[in-house]
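The values are calculated or read from the model by the stated rules, or taken from the named source; none is laboratory data. This is a predicted model, so every value here is computed, not measured. With ideal geometry, Cβ positions are generated from the backbone for all residues, glycine too; neighbour counts draw on all protein chains shown. Note: accessible area is taken over every heavy atom of the protein model, side chains too, but ligands, DNA and RNA are not part of it. Shrake-Rupley method; radii C 1.70, N 1.55, O 1.52, S 1.80 Å.
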Amino acid sequence: MNPYLDVQHLSKSFGALQLFSDISFSIGEGQRVGLISRNGKGKSTLLSILSGKEGYDSGDIVFRRDVKVGFLEQTPHFDPQESVLDACFNHQGEEDKILKAKQVLTQLKIRDLQQPMGQLSGGQQKRVALANVLLTEPDLLILDEPTNHLDIDMIEWLEGYLNRGNRTLLMVTHDRFFLDRVCSVILELDDQTIYTYRGNYAYYLEKRQERIDNRRAEIARANNLYRTELEWMRRMPQARGHKARYREEAFYELEKVAKQRLEERQLRLKASNVYIGSKIFECQYISKCYGDTVIMDGFYYNFSRFEKMGIVGSNGTGKSTFVKMLLGQVSPDSGHIVIGDTVRFGYFSQEGLQFDEQQKVIDVIRDIAEYVDLGGGRKLSASQLLQYFLFTNDQQYNYVYKLSGGERRKLYLCTVLMRSPNFLVLDEPTNDLDIVTLQILEEYLQDFPGCVIVISHDRYFMDKVVDHLLVFKGNGEIKDFPGNYTQYREWAASLSNREEPARHAGKADAGRPSSDEAVQRVRERPRRLSYKEKRELEQLEQDISRLEAEQHQLETELCSGTLSIDALTEKSRRLPQLKDEMDAKTLRWLELSEIES
């Protein structure tokens, strides 16, 4: 292996807080390395040290002499007056570089290259910074949370970009799909030590569990022996011979192992005291536009009890606007959203991270409530909720200003859950949360006995939590899909694969030479509908006409305001079923009509 970077015996602390001690690792040419650890354990600090932006206590960092390093920091800073293009790199009028910059920025959905950087949002600035580091074409890429503020299309483009060629990179990311598809080595920073796993994320999960199980068994053996040796220590006189002194020294080493405590995962937190009625919310043909941008156009949806819905789509297609209309923060241009009387929303937003910096962590939660009623006589205190989300006792009594960015996100999440909502609305909840916290949150949401809506670009998280998707495609088009994200992508890919041959079949056949003219004439002869297919086409036309009439009647009755609750519920359930039937029959009608024409 030709090493680009060699780190030996590196240590770093902030006062009494030791982040890591005596860690060593190396990154060779062509390796794609993912760095994983819990929030606040030093990932971003380590990347800052490697980039030269942060000092360290001891150790050696050696880059190969001619290696060119590019660094994407978590929160980049730009001159607010310079343009997007100038912020990318000093192009010096070289047309090929300008062209490439336009291509990369377009993929990251930054289109106004002359716009001042000060007019861009934080997410847009992060994307410009990502374009910057990619365009400099470094030998070694160091990336801190590269997928934050990217939508799914951008993330999948970046996956492909990083997988092309023999790129070398070290990155921190909590996107487990991204880790699995891009990285071939995982470094885990845990217990102030680095552990190396030579495989992707799935391999890391397997081997990490083996390591923890082995460590747990080692501690158990040490505890058994420790009890025997402790009795000997208490029994023996102070004046000991050489062998006794050797045994005494061994006892203290054994004691260190025996008193280690692995951080055990909490039991799954299951609440049974959450009640929500049968009426949740109904979107009655809502429309919303911002200027010429159509967000929703006559959208109807009746949300079911206990539904766990995911919302996906490119940035700017209206996902967050839809949620804000649901919560009453934004008004639709037309239509109505009717909310059930029993619904209590808990909203985790991208803008809601606001705390009193001088307040203690535990007091932030206690100001909301002392405990959560889980039902069955069980209660969860403020401290227990924080502990469940991996805040240690020391952290709970620390001040908010000492928390890392990811720890603040966790605290914000705890403030939402402490209010005992029965309908959780989570807008990008996974940003900046470490993988262990994501696993805990996934379990919590899987067991949550109320309703959930999640907006997220984290595909792994969505697959674990949701069973139904709204796909925002832009221009008011919204696809209602019954399944998780992976199932949707498989469906979309199969649909694309079916359409592609149909588009090119005629062109391919026309261009294929053949010496057998009779066979060629058969190939070129258009296919005709069979008698059975003609009858099916006629029946489909009648069915679609009947379903359209039924839909019109239903919509009229639903908007009349004269229906009883039972009738309203029944007709609201029928409407989406009706639309599915119409979609299926219309698709088949189109297939047969193409052949007929």
TODO: Using a Förster distance of 51 angstrom, determine the FRET efficiency expected from the C-beta separation of ASP341 and ASN166, and round it to 0.05.
DONE: 0.25
TODO: Only loop residues by DSSP count here, and only those with at most 16 other Cβ atoms within 10 Å; note down the trypsin sites (Lys or Arg not before Pro) in segment 132-201 that meet that.
DONE: ARG164, ARG198
TODO: Compute the accessible area per residue over segment 25-139, keeping the other protein chains in place, probe 1.4 Å, unit Å².
DONE: 49
TODO: In nm, give the distance between the simple-model label positions of GLU351 and ASP213, each being 7 Å from the Cα along the Cα-to-Cβ direction.
DONE: 4.9
TODO: Go ahead and run the numbers for FRET between ARG378 and ARG305, Cβ-Cβ distance against an R0 of 22 Å, rounding to 0.05.
DONE: 0.40
- [ ] Compute the signed sum of charges (Lys and Arg +1, Asp and Glu -1) over the other residues within less than 9 Å, Cβ to Cβ, of LYS464.
- [x] -3
TODO: Round to the nearest 10 and report in Å² the accessible area of PHE345, as given by a 1.4 Å probe over the protein chains' heavy atoms.
DONE: 70
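Accessible area, 1.4 Å probe, largest first: how do TYR488, TYR275, TYR290 sort? Before the final figure, lay out the partial values.
Values: TYR488 20, TYR275 140, TYR290 115 Å².
Putting TYR488, TYR275, TYR290 in descending order of accessible area: TYR275, TYR290, TYR488.
For HIS77, HIS468, HIS552, give the ranking by accessible area with the largest first, probe 1.4 Å. Mind dumping the intermediate values first?
On the way: HIS77 145, HIS468 20, HIS552 120 Å².
The ranking, largest first, comes out as HIS77, HIS552, HIS468.
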Open item on the list: Which lysines, if any, have their Cα less than 17 Å from the Cα of LYS534, not counting same-chain residues under 8 positions apart?
Closed with: LYS585
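Compute, for segment 428-467, the length of the dipole vector about the Cα centre, with Cβ point charges of +1 (Lys, Arg) and -1 (Asp, Glu) only. Units Debye, rounded to 20. The partial results should precede the final answer.
Details: 2 positive and 9 negative charges, 17 e Å.
Taking the Cα centre of segment 428-467 as origin, the dipole is about 80 debye.
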Task: GLU206/GLN487 FRET efficiency (R0 25 Å; Cβ-Cβ; nearest 0.05) - done: 0.55
TODO: Any chance you could look up the accessible area of LYS97 with a 1.4 Å probe, heavy atoms only, rounded to 10 Å²?
DONE: 90
- [ ] Using Cα centres only, tell me the gap between segment 435-482 and segment 161-231 in whole Å.
- [x] 27
Open item on the list: How much length would be gained if the chain were fully extended between ASP583 and ASN393, taking 0.36 nm per residue of separation minus their Cα-Cα distance, in nm to one decimal?
Closed with: 62.8 nm
- [ ] Would you tell me the accessible area of SER51, worked out with a 1.4 angstrom probe on the heavy atoms of the protein chains, in Å² to the nearest 10?
- [x] 40
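How do LEU380, LEU225 stack up against each other in accessible area, from largest to smallest, with a 1.4 angstrom probe? Each step should come with its number before you reach the end.
On the way: LEU380 20, LEU225 90 Å².
Order by accessible area, largest first: LEU225, LEU380.
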